Amino acid sequence: IILAGWAIYNLYLSTVYPTITTIKSRGKLIVGTSLDFPPFEFVDESNAVVGLDIDIANEIAKELGVKLEIRDISFDALIIALKNNEIDLVLAGLSITAERQQVVDFSKPYFNASQAVISLAGKNIGSLQGKKIGVQTGTTGEWWVQDNLIANGTIPEANVIGYDRWPVALLALQKGDVDVLLLDEPVGRMFVKKVAGLQFNFAISTGEQYGAAVSKQSRDLLDLVNKVIANLQTSGKYETMVEKWFGS
Ligand code: ARG
């Protein structure tokens, strides 16, 4: 009877908490990200995978009582990987958008961002008219260029080059393949700070908010993620993390 009770209890758990049950029996949380986005996720000088999103991922794994595995996936493929159940969670400076909400569920927002334009130092970039613009494929930056510059003919489609990874886009900027890069403002500022010979030109207010994303079948995990984020925020721990990655 005790064994039967145990079996029924476990069946109950796996019905009410399907994703959490899977993660716990696997013993690890698998988080997908694109490791090219400092200070949210990147590989540091000592080859460690670090960043604000990685800190949040660690807190979620701790709450679940499991190990954390970070999977580096090109940004454009993250949501597909989530849909295919290859990963449990996306934490990738991922902006909450209506299009993405059709496909995945988002946590409460944890960071506000806009877009920004960076270039090589010494350039005079007053506007984007006629410029060659580098973006990351599948990002809100790419969509912004499409909706606000290509759609109205400010620049031809051919002037926009999509890159899979930011380091490749930075090289293209240095080689002169593009005049500017358009990307999330906090990351643009970080590149200007870290990489010599770059300059911050201007921000474009897009009012984006980052959220963690889970598959639509993972309501249980989403509740847990929201709880972890809320606890980090109310305890002041989140603010400490942000200060650690952005400086004060
Ligand atoms: N916030 C933008 C978006 O959601 C860009 C995110 C890029 N993230 C990354 N890890 N490369 O589309």
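The values are calculated or read from the model by the stated rules, or taken from the named source; none is laboratory data. What you are looking at is a predicted structure, and each value in this text was computed from that prediction instead of being measured. Neighbour counts are summed over all protein chains in view; Cβ atoms, including those assigned to glycine, are modelled from backbone coordinates with ideal geometry. Accessible surface areas use protein heavy atoms only, side chains included; no ligands, DNA or RNA. Shrake-Rupley method; radii C 1.70, N 1.55, O 1.52, S 1.80 Å.
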(request) Compute the length gained on full extension between A4 and K123: take 0.36 nm times their separation in residues and subtract their Cα-Cα distance, giving the result in nm to one decimal. (result) 35.6 nm
(message) In Å², and per residue, what accessible area does region 90-248 have when probed at 1.4 Å with the other protein chains present?
(response) 46 Å²
(message) Can you give me the % of accessible surface on region 86-155 that is carbon or sulfur? Probe 1.4 Å, all protein chains present, nothing else counted.
(response) 45 percent
(request) Consider a paramagnetic label point 7 Å from the Cα of N148 along Cα→Cβ; state which residues of region 162-203 have an amide N under 16 Å from it. (result) 180-189, 201-203
(message) Of all beta bridges DSSP finds with both residues in the chain, what is the antiparallel percent, to the nearest 5?
(response) 60 percent
(request) Taking 7 Å along the Cα-to-C-beta vector as the label spot, tell me the R71-S205 distance in nanometres, rounded to one decimal. (result) 3.9 nm
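Ratio of region 46-155's C-alpha Rg to 2.2 N^0.38 Å, to two decimals? Could the numbers behind the result be given before it?
Working: Rg = 17.3 Å, N = 110, 2.2 N^0.38 = 13.1 Å.
Computed over Cα atoms of region 46-155, the ratio equals 1.32.
Provide, as a two-decimal number, the C-alpha radius of gyration of region 107-213 over 2.2 N^0.38 Å, N being how many residues it has.
1.02
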(request) Any chance you could tell me what percent of the C-alpha pair distances in region 1-103 go past 21 Å? (result) 44 percent
(request) Find the lysine pairs in region 96-219 meeting two conditions, Cα atoms under 25 Å apart and a separation of 8 or more places or different chains, and report how many there are. (result) 14
(message) Between region 76-114 and region 1-59, how far is it from one alpha carbon centroid to the other, in angstrom?
(response) 15 Å
(request) Would you compute, from DSSP H runs of 4+ residues alone, the mean residue ellipticity of the chain at 222 nm, taking -39500 (n - 2.57) per run and dividing by the full residue count, rounded to the nearest 500? (result) -12000 deg cm²/dmol
(request) Please give every one of the lysines within straight-line cross-link reach of K62, meaning a C-alpha to C-alpha distance under 16 Å, and leave out same-chain neighbours fewer than 8 residues apart. (result) K24, K28, K227, K237
